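One structure is given here, and the rest of the page talks about it.
Please treat every number below as a calculation from the coordinates, not as lab data. Since we're looking at a predicted model, the values are computed, not measured. Cβ sites come from the backbone with ideal geometry, for glycine too, and all protein chains shown count toward neighbours.
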Amino acid sequence: MRTMEQRQQTQQEALSRATSGATWSNYPAIFAGFTERGLPESEIKPRENVFTFDAWKALGRHVRKGEHGIRVQTWISIPPKVDEQTGETKPGGRRPKSAVVFHVSQTDPNA
């Protein structure tokens, strides 16, 4: 089980990734998903009011029970590894990871 400190660290990392990411590849999926749910395009602002569950927690908000987010594909960096037996360095890379994002209208401030 994770400690409170580990959960807070995970939430801060999620927020950092969400606000500092450089890719725009998920924008079409985010706009399509939320406009299908009735949100006007002008209210959908990725990296401003669309974040993951943990990023919202880091911002002092929580996703309301029963809310459904939009599934997007993201990429996780994998650092290079050094094989302890041979000393050989194996290159890092990236791997795909699925994430779910929520709009601010699906959240409430923490009490």
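Structure values in brief
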{"read-out": "Selected residue [surrounded by fewer than 17 Cβ atoms within 10 Å (Cβ to Cβ) and in contact with an Asp or Glu (Cβ under 7 Å, 6 or more places away or on another chain)] from 71, 64, 95", "value": "64"}
{"read-out": "Residues located in the range 33-61, provided they are of a type in the set (Gly, Ala, Ser), loosely packed, with under 13 Cβ neighbours inside 10 Å and assigned to a helix (DSSP H, G or I)", "value": "42"}
{"read-out": "Hits in the range 47-66 - residues which are closer than 24 Å to residue 9 by Cβ and free of Cβ contacts under 8 Å to residues at least 40 places away in the same chain", "value": "47, 48"}
